[in-house]
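The values are calculated or read from the model by the stated rules, or taken from the named source; none is laboratory data. Because the structure is a prediction, the values reported are computed rather than measured. When we count neighbours, we look across all protein chains shown, and the Cβ atoms used for this are built from the backbone with ideal geometry, even at glycine. Side chains are part of the model used for accessible areas, which takes the heavy atoms of the whole protein and leaves out ligands, DNA and RNA. Shrake-Rupley method; radii C 1.70, N 1.55, O 1.52, S 1.80 Å.
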Amino acid sequence: LGAERDASDYQKLLGFLSGRIDHMEAMVNDLLLLSRIDEGKYKFEEIKLDLSAILTESEDSFRYLFEDKDISFSSDIEPGLYIRGDSRLMLRVISNILDNAAKNTPSGRVSMKAGRQDDHIVTEINNTGPVIHPEHLDQIFDRFYKVRNHNGEDNGHGLGLAICKSIVESSGGNLFVHSNAANGTTFTIELPEFADHTKP
């Protein structure tokens, strides 16, 4: 504002500002969502939800991204996995974890599997990217906590996994992460299986 610049300089500056505004808007929206979920003010659909269909939809959406990054992607999804939840939010959970796997796996494999274990539906998303060190594992679901990826970048604003955990816990489930050199990094989502109380 204090100096004369040509049109190309202003265009570059406006482009930079537009990107920052988009980033801040996304962060504010994520904070509002997280706050509403944590305070119990978010109105969940809470309907019978076909998790198998959501996982398959996520798989179809991300398969091309993995292929483009030369990452081997496999899935093993048991059909007919039903939970009680909100389809939009559950799709967000799966998409966020798959997106993180894509960003943090420079080469290697990503796999997703889901099935029944006792009265729960368990989904595991594994990647063979760099190991998450133990000092990060305890804080990875904290708000604004970021771990630099393999390129040394700290993508995002550190709210994605915090939102995922809040969504899963608000649906009566749990979200865990394990990471070691032998097995890579695995995010595990445990959700109660939908119980049809109308059956005799």
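Within region 59-84, the set of residues being polar (S, T, N, Q) and not in a helix (DSSP H, G or I) comprises 72, 74, 75. Among the numbered conditions (1) under 15 Å from residue 189 (Cα atoms); (2) open to solvent by 40 Å² or more (accessible area, probe 1.4 Å); (3) touching a residue at least 60 places away in the same chain (Cβ under 8 Å), the only one that residue 118 does not meet is (3).
The criterion of being more than 20 Å from residue 106 (Cα to Cα), assigned to a loop (DSSP other than H, G, I, E, B) and modelled with pLDDT under 90 holds for residue 142.
In the set 88, 84, which member is within 23 Å of residue 190 (Cα to Cα), of a type outside the set (Phe, Trp, Tyr) and surrounded by 16 or more Cβ atoms within 10 Å (Cβ to Cβ)?
Values: 88 fails: surrounded by 16 or more Cβ atoms within 10 Å (Cβ to Cβ).
Just one listed residue meets the conditions, 84.
Yes/no matrix, rows are residues, columns are (1) in contact with an Asp or Glu (Cβ under 6 Å, 6 or more places away or on another chain); (2) at pLDDT 90 or above:
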residue	(1), (2)
1	no, no
10	no, no
14	no, no
45	yes, no
49	no, yes
52	no, yes
89	no, no
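From the list 58, 107, which residue is closer than 22 Å to residue 178 by Cβ and under 13 Å from the mean Cα position of the chain (by Cα)?
Numbers: 107 fails: under 13 Å from the mean Cα position of the chain (by Cα).
From the options 58, 107, the qualifying one is 58.
Of the residues 95, 107, 111, the single one that is at pLDDT below 85 and either of a type outside the set (Val, Ile, Thr) or surrounded by 15 or more Cβ atoms within 10 Å (Cβ to Cβ) (or both) is 107. Just one of the listed residues (152, 158, 173) is modelled with pLDDT under 85 and crowded, with 16+ Cβ neighbours inside 10 Å, and it is 158.
Within region 85-138, the set of residues being farther than 21 Å from residue 47 by Cα and assigned to a helix (DSSP H, G or I) comprises 96, 97, 98, 99, 100, 101, 102, 103, 134, 135, 136, 137.
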